[in-house]
Amino acid sequence: MANQVVTSEWGEDLIQIQIPLPNALKWVNSYLVRGSQGYTLIDPGQHTADALEAWRAAMSELSITMQDIEQIVLTHHHPDHYGLAGWFQVQTGAPVYMTEIAHAHAQMMWGKDQAATAAMDRLLAHHGMDASIRAEIKDHFDSFIAYVSPQPEVTYLEQSNIRLGDREWQVIVTNGHASGHACFYHEASQEMLCGDQILPQISPNISYIPGSDLQPLQSFMESLKMLQAYDVTIAYPGHRHPFRHYQERIADLLTHHEERLVKFVELLTEPKTAYECCLAVFNAKLTVHQLRFAMSETLAHLIELERRGLVRAEENTEGCIVYKKA
Ligand SMILES: [Zn+2]
Ligand SMILES: [Zn+2]
């Protein structure tokens, strides 16, 4: 059953629409920016029947037709943001904008003959995950192709500014949660569309994916520090609700990861694989979806500890990588 659609007005021209997701995040925030040439649609959501139903309800409530959408802009390539971009492009004929790096990642994950699923499986095996769980993760991974189809023709965000509605916003590229992730900042009003780079309440997942950023936690934290330079009165995130404690939230996220790094070092009283560390830190019962993110998060932290010279990685006799205190 589709959730009741929730739309909220923010600032002078921004509409937040909660598009349902079939996981614990519950919804992704899509934003419509009103302008004299039509609406800019930011992050349309994941392609599910519930999401389409929510869009039908929202557009009817707002009296918007497909022809009113002039452009589609994506913060990043994750399926909960990118998934419906192609569907909306078919309906509207509108251009879809994202960064070139984000598009390369979309291709790598869901392009024709993609090799990401096999590479992920090899990585997880190398880090000690059992074959039966890996098989579940593999199926889960492949199930996302339907959530992002049809895929859009993309125009790259190449300028340092983009017009959203009638206002010029600065494009700020961040990394760590998703490579080539774009935030959009409007200086005069101190508004920031921050995608998933900064979320209230939730710590954005740090994505360690084969073939991508080798140091995602370092990249994430560096991006957060770079974002501290902006004065923000209100931030519009990809999940949960718009928030005003922007600086405080960035500081909390930086502290959270420093604390978690300490926790991982403390775990290594004896050598452990990343999978053993993952189970020890995220000990609650996890769904396959959550386990994949927990493992990615674990690897990102262990890699950062290795970079800082606090842990060492070695291959054991079974051909798995084990981490030990340096
Ligand atoms: Zn994301
Ligand atoms: Zn998201």
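At-a-glance table
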{"quantity": "Accessible surface of the chain [probe 1.4 Å, protein heavy atoms]: carbon and sulfur percent", "calculated": "50 percent"}
{"quantity": "Under Karplus coefficients 6.51, -1.76 and 1.60, residue-wise ³J(HN,Hα) of the range 189-194 in Hz, glycine/proline x", "calculated": "9, 6, 9, 10, 8, 9"}
{"quantity": "Solvent-accessible heavy-atom area per residue, rounded to whole Å², over the range 1-97 at 1.4 Å", "calculated": "38 Å²"}
{"quantity": "Förster radius 45 Å - calculated FRET efficiency between ARG312 and SER189 (Cβ-Cβ, nearest 0.05)", "calculated": "0.40"}
{"quantity": "Sites ALA280 and ARG122, calculated FRET efficiency, Cβ-Cβ separation with R0 25 Å, nearest 0.05", "calculated": "0.60"}
{"quantity": "Rg in Å to one decimal, and Dmax rounded to a whole Å, for the range 120-183 via C-alpha atoms", "calculated": "18.1, 53"}
{"quantity": "Residues of the range 102-211: accessible area per residue with a 1.4 Å probe, Å²", "calculated": "41 Å²"}
{"quantity": "All lysines inside 26 Å of LYS325 as judged from Cα atoms, apart from same-chain residues fewer than 8 positions distant", "calculated": "LYS263, LYS272"}
{"quantity": "Unit charges on C-beta of K, R, D, E only; dipole of the range 6-325, Debye", "calculated": "580 debye"}
{"quantity": "Burial ranking of peptide ranges 202-213, 260-271 (average Cβ count within 10 Å, highest at the top)", "calculated": "202-213, 260-271"}
{"quantity": "Cα-projected label distance for SER203 with GLU153, points at 7 Å along beta-carbon direction, nm", "calculated": "4.3 nm"}
{"quantity": "Linear extension gain, THR287 paired with GLU222, 0.36 nm per residue minus alpha-carbon span", "calculated": "20.4 nm"}
{"quantity": "Per-residue SASA entry for LEU52, accessible area with 1.4 Å probe, Å² rounded to 10", "calculated": "30 Å²"}
{"quantity": "Theoretical gain in end-to-end length, ALA135 to HIS241 [0.36 nm per residue, Cα-Cα removed]", "calculated": "34.6 nm"}
{"quantity": "Compactness index (Cα Rg / 2.2 N^0.38 Å), the range 6-325", "calculated": "1.01"}
{"quantity": "THR233-LYS324 FRET efficiency (beta carbon distance; Förster radius 56 Å; 0.05 resolution)", "calculated": "0.75"}
{"quantity": "The chain: angle of helix 246-267 to the longest principal axis, Cα-based, in degrees nearest 10", "calculated": "20 degrees"}
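The values are calculated or read from the model by the stated rules, or taken from the named source; none is laboratory data. This structure is a prediction, so every number in the text was calculated from the model and none was measured. Positions of Cβ are generated from backbone atoms using ideal geometry, with glycine treated the same way; all protein chains shown enter the neighbour counts. In case anyone asks, the SASA skips ligands and DNA or RNA and just uses the protein heavy atoms, side chains included. Shrake-Rupley method; radii C 1.70, N 1.55, O 1.52, S 1.80 Å.
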